[in-house]
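Peer 1: Just dropping this structure here.
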Amino acid sequence: MFMILPERPNDEAAIETLLDNAFGPERHNKASYAFRQNCPAVAGLSFVARSGDKLVGTIRFWPLTIGDGLTPALLLGPLGVAPERQNYGIGRGLIRRGHLMAEELGYKLVLLVGEEKYYSRFGYEPAHPYGLVMPGEEPARLMVHELEGGTLQRVSGELQAGDSLRPGVLKGDVIRQASY
Ligand SMILES: CC(C)(COP(=O)(O)OP(=O)(O)OC[C@H]1O[C@@H](n2cnc3c(N)ncnc32)[C@H](O)[C@@H]1OP(=O)(O)O)[C@@H](O)C(=O)NCCC(=O)NCCS
C-alpha cells in the first residue's frame, strides 16, 4: 500500500537518498540535471509516494522554454522509486497524479529524458521528429507527451531551462490552490 502526497520541504534528504539508490550518484552528470540547477521545481507539482513512514517514490517537474517560449511546457524528472518497491504501480501513480495537476495548471507539453519502453504507456513518444532538442542529450532519449492535443503541431526548437510564460498568468487561482 502507498499514498501519493505533495512533497514537503523536509522530504529533501529522503528524496536524495532514494534517487542515489535508484539511479546511482553519477546521476548528477546527466544533461537533464543542468536544466534543474538554477531554477526551482514548479510549485504544486512535486509529489512523493509514502508507505507508512517511508518515502518510496518521488516525482518533480521543472519549467521549460521551447522555441518562441509561448507554449507552457515542463521537464519531468527525476521520477524514482525505491528499488525494493519497484513494479508495484508507484511510478505509474506518480506520473498520473503529476499529469492531472499539470493539466489543471495549464501546461500543454511534458518532456523527459528516459526509456521509451517505460514511458510510452503514459503517452510519451520520441521528441526529435517534432524538432525538439535538448542540448547535450542523446536525441533518441528525449520523449514528449501532449497534455493538450495539437500542441506538437505548433511548437519546435531547442529546450531551455526556466519558464518564459507562466501558465499561472492564465490560471492564477489554480496556482494558488496548488501551492503548499
Ligand atoms: C522506472 C521506474 C520509475 C518505474 O517505476 P515503478 O513503480 O517501478 O514501475 P510501475 O510499477 O509504474 O510500472 C511497472 C512496469 O514498468 C516496467 N518497467 C519498470 N522499469 C522499467 C524500465 N527501466 N524500462 C522499461 N520498463 C520498465 C515494468 O517491467 C512493468 O511492466 P508491466 O506493467 O508490463 O509489467 C522505477 O523502476 C525506477 O525508479 N527505476 C530506477 C531508475 C530507472 O531504471 N530509470 C530508467 C527508466 S527512465
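We did not get these values from a lab; they are worked out from the coordinates using the rules stated. Since the model is a prediction, treat every value here as computed from it, not as a measurement. Glycine also receives a Cβ, built like all others from the backbone with ideal geometry; neighbour counts cover every protein chain displayed.
Peer 1: By how many nm would the segment from D53 to N38 grow when fully extended, if each residue of separation counts as 0.36 nm and the alpha-carbon distance is taken off?
Peer 2: Values: separation 15, 0.36 × 15 = 5.40 nm, distance 3.08 nm.
Value of the extension gain: 2.3 nm.
Peer 1: Taking only Cα atoms and a 10 Å spring cutoff, compute GNM fluctuations for the chain and point out the largest among L159, L64, L111.
Peer 2: L159
Peer 1: Something else now. Could you list M3, M143, M101 in order of exposure, starting from the residue whose Cβ has the fewest other Cβ atoms within 10 Å? Write down the numbers at each step before the final one.
Peer 2: On the way: M3 11, M143 24, M101 19.
Final ranking by Cβ density, sparse to dense: M3, M101, M143.
Peer 1: Sticking with this structure for a sec: If we count other beta carbons within 10 Å of each Cβ, what is the order of K108, K117, K54, K30, fewest first?
Peer 2: Values: K108 22, K117 7, K54 13, K30 17.
Exposure proxy ranking, most exposed first: K117, K54, K30, K108.
Peer 1: Measure nothing fancy, just the Cα-based angle from helix 90-104's long axis to the longest principal axis of the chain, in degrees from 0 to 90, nearest 10.
Peer 2: The helix 90-104 is inclined about 40 degrees to the chain.
Peer 1: Using only Cα atoms and rounding to the nearest 10 degrees, what angle (0 to 90) does helix 12-23 make with the longest principal axis of the chain?
Peer 2: For helix 12-23, the angle is close to 80 degrees.
Peer 1: At a Cα cut-off below 12 Å, give the aspartates and glutamates reachable from K117, other chains included and same-chain residues fewer than 8 away excluded.
Peer 2: Filter leaves E125.
Peer 1: For the chain, with a Gaussian network of springs between Cα atoms less than 10 Å apart, report the residue from H99, H28, H128 with the top mean-square fluctuation.
Peer 2: Sorting by GNM fluctuation, first place goes to H28.
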